[in-house]
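Visitor: Okay, handing you the structure first.
The values are calculated or read from the model by the stated rules, or taken from the named source; none is laboratory data. Because the structure is predicted, anything quoted here is derived from the model rather than measured. Quick reminder, even Gly has a Cβ in these numbers, built from the backbone with ideal geometry, and neighbours come from all protein chains shown.
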Amino acid sequence: MNIKRLLSLGMATLMVASMGTSVFATELTGEMLADDAKLDIVAGTYDSAEYFSVVGTVDSGAQDASSVVVVDAEATQFKVTVPIALHVAQDANGDKTYEDAMGEDLDGAAKVINECNLGQVRIEKVTVVPKTGYTISDFNADYANMKVNSKTFGFKINGVEVETDGTVIANSATENVIASTIKDEADGKTDVERVYADYNFDLANAEVDSLEGAEFPVIASGSVLPIDYEAKLPAFSSAISDVVYGGVVFVINFN
């Protein structure tokens, strides 16, 4: 008889304790997740209160508990290839040809290749630097009547005429993205029309003029930006070969 009374008293005590247990859960908000001072992902607490644990009775109703998404990532590899050299050949009549500009394993027309596995890249700035003793002339200058063997040249890249100080673009702010760059030499289009065919704006409506840096759009991951260029040179009294006139500097960054 005494044993039964003791058991009953023990069960009653357990029931009271269970019914009296407080139910707690923290539903994390975006603001709380951004609060580094109070959020402790190691302890699983926000402001010292657990957010991942719920304590209560079966009949206390559904309760919320939260979990935190934690990302650990290495810096994405930045790998972009630019042309090694932009070749210009001028014959005796002044006609010009432009040879392959890429490396041995990247034969073809000049292009910037985004080889980052992740991430778009953008060409933030382009400048042309003349070799010491050489100058950049206005692209529309009268080269046919310049002094023979003048150490000067005019240059245009992707339809942009290079300023005499070497400026091509000072800051590319365009949001246009190029994702494909198939260039068919037999399609009957001009170079400019062909290069911009996939840029999602219409050259015929002169939209390029209203889009700052649109000639150098964002380059999608694994994509290629064609670099079309044109040079103007004075006459030469004798043939020259492999003479360096200057360099092109591309400033490239993640978009």
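Visitor: If I filter the range 1-52 down to residues being in a helix (DSSP H, G or I) and at pLDDT 90 or above, which single residue comes out as farthest from residue 67 (Cα to Cα)?
Guide: Residues of the range 1-52 that are in a helix (DSSP H, G or I), as a first pass: 2-19, 30-33.
Next cut, at pLDDT 90 or above only: 30-33.
Numbers: 30: 12, 31: 15, 32: 12, 33: 10 Å.
Step by step, filter the range 1-52, then rank; the result is 31.
Visitor: Out of curiosity, is residue 109 among the small types (Gly, Ala, Ser), touching a Lys or Arg at 6+ places or on another chain (Cβ under 9 Å), part of a loop (DSSP other than H, G, I, E, B) and modelled with pLDDT under 95?
Guide: On the way: among the small types (Gly, Ala, Ser): yes; touching a Lys or Arg at 6+ places or on another chain (Cβ under 9 Å): yes; part of a loop (DSSP other than H, G, I, E, B): yes; modelled with pLDDT under 95: yes.
It is true that residue 109 is among the small types (Gly, Ala, Ser), touching a Lys or Arg at 6+ places or on another chain (Cβ under 9 Å), part of a loop (DSSP other than H, G, I, E, B) and modelled with pLDDT under 95.
Visitor: Still on this structure, I have one more. Quick test of your reading of the structure: residue 155 fulfils all but one of (1) hydrophobic (A, V, I, L, M, F, W, C); (2) over 26 Å from residue 253 (Cα atoms); (3) part of a strand (DSSP E or B). Name the failing condition by number.
Guide: The number of the failed condition is (2).
Visitor: While we're here: Take the conditions surrounded by 15 or more Cβ atoms within 10 Å (Cβ to Cβ) and modelled with pLDDT under 55 and apply them to residue 232. Does it pass? Even if it seems obvious, please write down each step before you answer.
Guide: Values: surrounded by 15 or more Cβ atoms within 10 Å (Cβ to Cβ): yes; modelled with pLDDT under 55: no.
Taking the combined requirement at face value, the residue does not satisfy it.
Visitor: Continuing with the same structure: I want to confirm something. Restricting to the range 59-88 and keeping residues that are free of Cβ contacts under 8 Å to residues at least 12 places away in the same chain and of a type in the set (A, V, I, L, M, F, W, C), which single residue is farthest from residue 43 (Cα to Cα)?
Guide: In this case the residue turns out to be 75.
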